[in-house]
Amino acid sequence: MAKAIHPASLLLNVVGLYSNSYAFKSMLRVPLPLGFGGLFQFLTIISLTASTITFSLQILRFFFPKPLQGAYQAVSGLATPMEGLVSLMYWPMMLHSRDLLVPKGSPFDLPLILDLSLHLWPAVILYIDLFVFNSEYKRSTHNVTAIYVFCTLYFFWSSYCRSVNGFWVYPFLDFFSVPGRAAFFVVCATVCVGLYELGMYYYKISHDVAIQTIDT
């Protein structure tokens, strides 16, 4: 039976939802010439959508804990490692060279508060909720499969957007050959799965429980 959500978890997810809403609202106001696919060419925006759904489900679970357990488990199992991957890739690349992620000559510069809302806070909040409050989480082999399926779909989606627009939304992707780019996406998917498994390992430590694996 699903346990009631801790009030502190409710507050944490409300903060996460507010932060994500601010990020979405701010990005929609930015007149970027993105072409076909718009903002949803960005992995950041796709993962932000997944974490927004996760925050919303967790808030609803405070009132309806049992009916939404399965949906929350499925979405958070993808959103949490995805947001971890976004943070893990974004900050080293941005600190090394802004040109890897933003086209040269682009006047657009993210304010720090928006940058954090897009590329840090979602991952931090999701992992805090997992390690501190979520004592009923179960590892699912379907979550692992979903990560690889998503990364495959994103590879084809971003490639199609490139064929229509004539440019990669992330400039560093232009450095690769097609096989090299495919290999990069495979590596990213594997790192994402690694983050999922690492999260499950630290979940076991933080809650002092054995990890349960489910196939749904």
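Values quoted throughout were computed directly from the atomic coordinates according to the rules given, and no laboratory measurement underlies them. Note that this is a predicted model, so its numbers are computed, not measured. Glycine gets a Cβ as well: all are built from the backbone with ideal geometry, and neighbour counts include every protein chain shown.
Quick notes on this structure:
- Taking amide H atoms as placed 1.01 Å from N in the peptide plane, the amide H of Ser140 lies under 5 Å from those of Ile214, each 5 or more residues away in sequence or on another chain.
- Annotation note: trypsin sites (Lys or Arg not before Pro) in the range 1-40 located in DSSP loop regions with a Cβ neighbour count of at most 10 within 10 Å are Arg29.
- Axial C-alpha extent at least 30 Å, average Kyte-Doolittle at least -1.0 - helices from the chain (DSSP): 7-28, 69-96, 141-165, 178-207
- Evaluated over the Cα positions of the range 1-139, the convex hull gives a direction-averaged projected area, one quarter of its surface, of 9.0 nm².
- Using the Cβ-Cβ distance between Thr190 and Val15 with R0 set to 30 Å, the FRET efficiency from 1/(1 + (r/R0)^6) comes to roughly 0.45.
- Taking trypsin sites (Lys or Arg not before Pro) across the range 122-203, the ones in a DSSP loop with at most 16 further Cβ atoms lying within 10 angstrom of their Cβ are Lys138.
- The count of lysine pairs in the chain with alpha-carbon distances below 20 Å, taking only pairs 8 or more places apart or on different chains, stands at 5.
- Label-point separation, Tyr201 to Ala146 (7 Å along Cα→Cβ), nm: 2.3
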